[in-house]
2 protein chains.
Amino acid sequence: MALIVQKYGGTSVGSIERIEAVAEKVKRYREQGHRLVVVVSAMSGETDRLLGLARQISERPVPRELDVLLSTGEQVTIALLSMALEKRGVPARSYTGHQVHILTDNAHNKARIQEIDARKVREDLDAGRVVVVAGFQGVDEAGNITTLGRGGSDTTAVALAAALGADECQIFTDVDGVYTTDPRVVPEARRLDRITFEEMLEMASLGSKVLQIRAVEFAGKYNVPLRVLSSFEEGEGTLITYEDEDMENPLISGIAFNRDEAQITVLGVPDQPGIAAKLLGPVADANIEIDMIVQNVAPDGRTTDFTFTVNRGDYDKALEILKNVARELGAVEVSGDNRIVKISLVGVGMRSHAGIAATMFRALAEEGINIRMISTSEIKISVVVDEKYLELGVRALHEAFHLDQPAG
Amino acid sequence: MALIVQKYGGTSVGSIERIEAVAEKVKRYREQGHRLVVVVSAMSGETDRLLGLARQISERPVPRELDVLLSTGEQVTIALLSMALEKRGVPARSYTGHQVHILTDNAHNKARIQEIDARKVREDLDAGRVVVVAGFQGVDEAGNITTLGRGGSDTTAVALAAALGADECQIFTDVDGVYTTDPRVVPEARRLDRITFEEMLEMASLGSKVLQIRAVEFAGKYNVPLRVLSSFEEGEGTLITYEDEDMENPLISGIAFNRDEAQITVLGVPDQPGIAAKLLGPVADANIEIDMIVQNVAPDGRTTDFTFTVNRGDYDKALEILKNVARELGAVEVSGDNRIVKISLVGVGMRSHAGIAATMFRALAEEGINIRMISTSEIKISVVVDEKYLELGVRALHEAFHLDQPAG
């Protein structure tokens with residue numbers, strides 16, 4: 001018998017039939033003796049419908065009122081799920097972000113949770129009720145409704161699990177766990193039974209969008225065991241854990257990739273202190289997110305070369321800004337390519353093992369894939385290659401690191 | 001410069017275009033120097049959409065959760081209207097029933113307002129903001145969301161006006177005021193500039209469904225001047241006031257009627273104490289509302305005859321119940337007619353004027369209309385006639401009392 005916080009996303013509660021199916025699932029968990037808190041998102045499509053209404057009024061609706069509007073999406077779901085539970089004889093009670101008192105800062109549309117008063121939830125659990133909580137929303141100190149930004153329901157679930165000291169936080173989604181890589185690219189891709197928080201962070205930020213990165217950070221910070229499972233299929237899913245010293249870590253957990261990348265190179269920038277900030281500041285000011293950054297000393301020794309990647313949608317804008325900045329700074333040349341992709345090897349195990357990079361580069365070379373850029377962290381090696389090599393590269397690495405076979 | 005509480009119903013905010021039009025209207029009032037609190041309903045159709053979702057799950061959804069669900073309807077409108085106001089440079093702030101703290105009892109789906117903490121509203125008004133409040137909803141002492149039942153938004157507006165000591169509560173609707181009778185029946189029907197609360201209560205309960213009866217009662221109790229106006233046309237509407245001693249009351253204010261009536265007669269009931277309760281109790285227990293009740297001594301002197309009216313939709317059920325009860329009580333006969341209507345003359349003036357009833361009956365007789373039942377109150381005379389005489393009867397009375405001409 002455990003205290004479990006479950007979270008069901010928009011697709012899992014996307015219709016009345018699916019809400020009934022979630023109620024069935026929750027009922028079964030309860031019959032196994034578990035105490036349950038269920039966090040739900042808005043029914044799929046609902047948030048977009050509401051946003052559409054707001055946009056008919058204004059392209060930039062007042063953030064405070066946008067939160068008042070969007071938070072109704074989850075409120076509808078908690079009511080419907082509670083009705084479906086009660087219909088099955090499962091006592092249930094719904095709570096909005098305000099009612100369960102999920103206190104956030106006042107950054108409307110992207111608020112951060114500061115505190116949860118879980119008293120009411122505990123009382124209901126003690127009374128044998130299933131507690132159904134609206135994800136994605138909270139309330140600031142002045143009582144204004146706030147939202148956590150898209151995908152914030154994962155964070156709500158993790159924060160509730162932390163506040164309640166839950167045994168596990170289960171995120172139900174439309175995939176049945178975290179895979180060694182995208183099964184659509186590599187049919188041999190394997191579901192991982194477990195993965196560390198750090199690996200999950202690298203996987204998430206690299207495009208394996210199973211979980212919201214903020215939720216993973218939050219879970220890591222508060223030591224909440226997190227599990228990703230399928231709403232639609234039975235299975236154990238993938239457990240996301242803290243790195244365990246005793247645990248025999250596989251060298252590599254998975255291969256993430258990102259198709260939406262573009263690369264910009266600035267050649268021959270006079271090498272002086274603060275030059276990186278001068279170059280990249282205007283790009284950041286334009287709200288363009290910069291991903292990889294690589295700097296090399298240029299052949300002449302007095303100038304330096306910068307290469308970095310941005311989201312492909314920002315490419316034209318970033319290139320234009322960079323051309324202006326480069327002219328001011330006296331750089332030699334600005335060039336770019338928006339048909340590149342990033343492939344990353346992720347694994348806590350690579351920390352203590354040499355030779356991972358060499359194996360990676362050799363596997364790519366054997367397929368004739370030219371590496372255009374390399375960036376590394378403690379548990380990740382990323383390379384940028386031509387777009388056309390994406391599938392070939394991912395498959396070659398999956399095979400080279402034997403990811404189709406369970407580790408040790 | 002006045003403090004005005006305005007209420008816009010579902011049709012008035014039924015689309016983004018209409019919400020924008022309401023924002024324009026509010027802006028104009030504000031530019032005239034008024035301080036404004038605006039209460040809104042759910043966009044028309046939205047409450048039914050939400051009810052439809054709930055009914056897919058259960059024919060009798062848990063009342064607590066139904067309130068959580070339905071209250072989102074108004075929450076959407078307050079957000080959208082506030083956005084539309086802000087877009088026009090009108091500072092605005094929205095509040096849910098919980099946020100403005102409309103405290104109700106815990107009778108879910110039909111809660112009654114107990115108290116309003118108008119502190120926040122006053123602060124916003126002082127800061128020059130328009131305050132936009134969700135109608136129809138509140139919160140009980142335990143923090144559960146409650147709703148006031150259909151049409152409760154009118155009550156919210158009146159209660160806010162009372163709590164704030166507003167100069168006027170304006171109910172914007174799709175008619176431009178209260179008429180002497182239905183203009184679709186009598187083209188000469190005239191909009192009343194003013195009407196007393198008591199008359200309005202009689203008019204409302206008799207089928208002139210311009211205002212919710214509870215709102216009118218509430219306004220009368222707290223002396224809130226209430227005005228009914230059109231959302232779509234300019235005009236002064238109708239002011240609903242307390243009876244003023246100085247005021248020259250017209251004899252008759254208007255003629256109300258109700259098409260949805262059915263009549264049931266029980267003949268020859270043994271005349272004994274408590275017989276009315278024995279007869280009508282089972283009908284009331286079946287949640288059938290009884291309207292007019294007339295009792296007469298039967299010709300034999302030892303039994304009594306009852307006639308009463310119910311809503312036409314309840315006719316078959318009421319008749320069946322009555323037949324059973326009548327058998328038990330030893331009544332002679334039960335008969336009924338579901339093709340009857342009720343026509344009522346309403347006017348505070350009739351209190352102090354004799355001869356009104358005589359004029360009424362004569363006017364009907366001159367048209368050959370047979371009266372089947374009569375019931376009177378201090379400010380109202382109702383008659384039941386055959387359905388086919390409805391229009392003829394209403395027109396005859398409208399003319400007989402010269403309602404097409406402004407009084408005195």
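Of the residues B:Val5, B:Val22, B:Val38, only one is among the hydrophobic types (A, V, I, L, M, F, W, C), touching a residue at least 60 places away in the same chain (Cβ under 8 Å), away from chain A (no Cβ under 14 Å) and outside any loop (DSSP other than H, G, I, E, B); which?
Criteria check complete, one pass: B:Val5.
So the check is Cβ under 7 Å with 6+ separation or different chains; which pairs have a first residue in the stretch A:166-186 that's part of a loop (DSSP other than H, G, I, E, B) and a second one that's among the β-branched types (Val, Ile, Thr) and at pLDDT below 90?
A:Val175/A:Val210; A:Val178/A:Ile195; A:Val178/A:Val210
Can you give me the number of residues within the stretch B:6-18 that are at pLDDT 95 or above and within 21 Å of B:Val121 (Cβ to Cβ)?
So the count comes out to 4.
Are any residues in the stretch B:58-90 more than 9 Å from every other protein chain (Cβ to nearest Cβ), surrounded by fewer than 22 Cβ atoms within 10 Å (Cβ to Cβ) and either modelled with pLDDT of 95 or more or not in a loop (DSSP other than H, G, I, E, B) (or both), and if so, which ones?
Correct list: B:Pro63, B:Arg88, B:Gly89, B:Val90.
Can you pull out every residue in the stretch A:91-142 that is small (Gly, Ala, Ser) and either part of a strand (DSSP E or B) or at the interface with chain B (Cβ under 10 Å from one of its Cβ atoms) (or both)?
A:Ala92, A:Ser94, A:Ala134, A:Gly138, A:Ala142
Could you list all residues from the stretch A:122-150 that are surrounded by fewer than 24 Cβ atoms within 10 Å (Cβ to Cβ) and closer than 22 Å to A:Gln212 by Cβ?
Correct list: A:Asp140, A:Gly149, A:Arg150.
Identify the single condition in (1) surrounded by 21 or more Cβ atoms within 10 Å (Cβ to Cβ); (2) at pLDDT 90 or above; (3) closer than 18 Å to B:Gln212 by Cα that B:Thr173 does not satisfy, given that it satisfies every other one.
The single condition B:Thr173 does not satisfy is (2).
From the set of residues in the stretch A:41-52 that are within 12 Å of chain B (Cβ to nearest Cβ) and surrounded by 20 or more Cβ atoms within 10 Å (Cβ to Cβ), which is farthest from B:Thr96 (Cα to Cα)?
Among those that are within 12 Å of chain B (Cβ to nearest Cβ) and surrounded by 20 or more Cβ atoms within 10 Å (Cβ to Cβ), it is A:Met43.
Looking at the stretch A:340-360 only, could you name the residues that are among the hydrophobic types (A, V, I, L, M, F, W, C) and either at pLDDT below 90 or over 11 Å from A:Ile379 (Cα atoms) (or both)?
Within the stretch A:340-360, A:Ile340, A:Val341, A:Ile343, A:Val348, A:Met350, A:Ala354, A:Ile356, A:Ala357, A:Ala358, A:Met360 meet the criteria.
If you go through the stretch B:317-335 one residue at a time, do you hit one that is over 25 Å from the mean Cα position of the chain (by Cα), under 29 Å from B:Val185 (Cα atoms) and surrounded by fewer than 20 Cβ atoms within 10 Å (Cβ to Cβ)?
The answer is no; no qualifying residue exists.
The values are calculated or read from the model by the stated rules, or taken from the named source; none is laboratory data. As the structure is a computational prediction, the values presented were derived from the model and not from experiment. Cβ coordinates were reconstructed from backbone atoms using ideal geometry, including for glycine residues, and neighbour counts include every protein chain displayed.
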